[in-house]
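Inspection log for the structure reproduced underneath, given as structure tokens.
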Amino acid sequence: MATALPRRRALANLILSLSSNTHYDSIAELSLNPVYQHQYASLYDVFDELSKDEESFSCLQKLVSQFVFKELGQIVKGIGDSSLPLVVSTDVTPCEYTHAQSLPDRQAIVLPNGAGQSRTNLGVGYNLSSLNLSSFSGSWSLPLDLRRVRLDQTASQCAQEQLTGLLSDHEGIIDNTRLVIHCADSAYGNSAFLAQPYKDHPNLVNIVRLKHGSKVFKQYERTASSNPLQYFGEQSYLIMDSDTKSYKQKNSKQFYDVERKAISETQADESIVVEEIMGRQSRPVMVTIERWNNYLLRSKSGQSMKEHPIDLLRIRCIDKSTGKPVFKRELYLAISGERKTEVSSIMGRQYYRSRQDIEAFFRTAKQHFLLTRFATSVQQHLDNFLQVVILASYVAFLNADQVDNQPIHPWERYQPKKKKINGRVTMTQSIRKAQAYYCTLDLSDLSPPKSKGGIGRQKGHQLTPKTTYKVARKPKK
């Protein structure tokens, strides 16, 4: 891979500096890291030369994702073994660029609410969609594909594009018969996202969360005299108990009542009760998993699910000592795909729980990899930077085994060792210990060539003003 990338030594220095960053708040400050042997001006050269247009960037994306997948496949059994399911997850995170007027296609984004805030917090920038490998080594979740959500697409469409690239553009890395399980939150729990992968990828199974109160339908049981065009049978709501709810009429101040039949009134096809120890307090919890097979969702955005049934899971956690629910609401999951029957109810819950690791990756990437602090006036540089973040995450994973017993400071050698998950330190622990580990290595091959001295910017030279752009709006559907 190294021979195919420009500015290889400067790029390697940047990846080492980024994967050991603990207190620098900007990209330029990474040049102050002891492991960074180049000048700060080389940072711009790396992002400028990695790719310059859409075609070269597409090649860069494939190169990075294939490299990471192949290398991890040789290290981690759960990735390299084709007989085991490959588990991936997708989510988006906002990246704010309110004052970067020279960046095109900036759009309104929803920012995380601060402490005590209840209103939706809006900003201007981009949404970043990440497709991560999950459930393979403790709480580690490593990105395979990290990209901007374009102005002409939704987060669901971007995720479909990422999954298509994973399943079809890897030239035999993923076996044609291998089961791929994709987990996502409730933003993807609709026909607009589930229908297309169901038809295009027979080995893909989506496990997504459904919103509480959503409508689902039993498959219509056909007879010789039934309507051949009818697909939807009895309607149910994803609620615990049947009730009556008031809705406001569109373009009117009047309300109307709807009687909602809970799915609980329909006998589940499978019901499992398991006992677990949950939380830091190690309290015993009874987990009830119920499964209903072959239900339908209504069409959305022109995507029909009438011929693509899903299986429903309802998960409730009850505190064994008090008999009260651990969570305010029960969890509803949809298992969608032609091979959905190969995913058991217990494993479906376990796969979805591994999706939480992508949230930890976003938090670490923002704190240490400067994911949302990349100040640039060139959109292509931002896209290139996201590929560097993927490589830095992979290097941090490799470091985890090397820095296991290495203290950050000499006096910490006598302190009790921190808790490890499945025999591997966390990503944050790996990053904090990486700089001391790098200083023990011979990095002379990454040092820059002897400088010939540049002419610099001539006195009186004026830079061309940059083009500014207004905040863009997504096209109407």
Worksheet item: Which members of segment 186-208 meet the condition of being open to solvent by 10 Å² or more (accessible area, probe 1.4 Å) and aliphatic (A, V, I, L, M)?
Response: ALA187, ALA192
Worksheet entry | Residue among GLN157, GLN153 that is outside any loop (DSSP other than H, G, I, E, B) and either open to solvent by 40 Å² or more (accessible area, probe 1.4 Å) or over 26 Å from TYR295 (Cα atoms) (or both) | GLN157
Worksheet item: Is there a residue in segment 214-231 that is touching a residue at least 24 places away in the same chain (Cβ under 8 Å), small (Gly, Ala, Ser) and open to solvent by less than 20 Å² (accessible area, probe 1.4 Å)?
Response: no
Fill in: helices (runs of 4 or more DSSP H) contained entirely in segment 344-410, each with at least 2 residues that are touching a residue at least 60 places away in the same chain (Cβ under 8 Å), over 30 Å from SER56 (Cα atoms) and open to solvent by 10 Å² or more (accessible area, probe 1.4 Å)
345-353, 357-367
Worksheet item: Is it true that some residue in segment 138-148 is surrounded by 21 or more Cβ atoms within 10 Å (Cβ to Cβ), at pLDDT 90 or above and more than 16 Å from the chain's Cα centre (by Cα)?
Response: no
Item to complete: State the number of residues belonging to segment 66-97 that are under 21 Å from PHE374 (Cα atoms) and either open to solvent by less than 60 Å² (accessible area, probe 1.4 Å) or at pLDDT below 90 (or both).
Response: 6
Practice prompt. Give segment 442-466 a look and list any residue that's in a loop (DSSP other than H, G, I, E, B) and surrounded by 10 or more Cβ atoms within 10 Å (Cβ to Cβ), or say none.
Written response: LEU443, SER447, PRO448, LYS466
Worksheet, complete the sentence: Out of (1) over 15 Å from PHE217 (Cα atoms); (2) in contact with a Pro (Cβ under 9 Å, 6 or more places away or on another chain), the one LEU296 does not meet is (1)
Worksheet, complete the sentence: The condition of being buried (at least 16 other Cβ atoms within 10 Å of the Cβ) and in a loop (DSSP other than H, G, I, E, B) holds, among HIS23, HIS38, only for HIS38
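The values are calculated or read from the model by the stated rules, or taken from the named source; none is laboratory data. Owing to the predicted nature of the structure, the values given are computational and were not obtained by experimental measurement. A quick note on method: Cβ atoms are made from the backbone with ideal geometry, for glycine too, and the neighbour counts reach across all protein chains shown. SASA here: full protein model, heavy atoms, side chains in, ligands and nucleic acids out. Shrake-Rupley method; radii C 1.70, N 1.55, O 1.52, S 1.80 Å.
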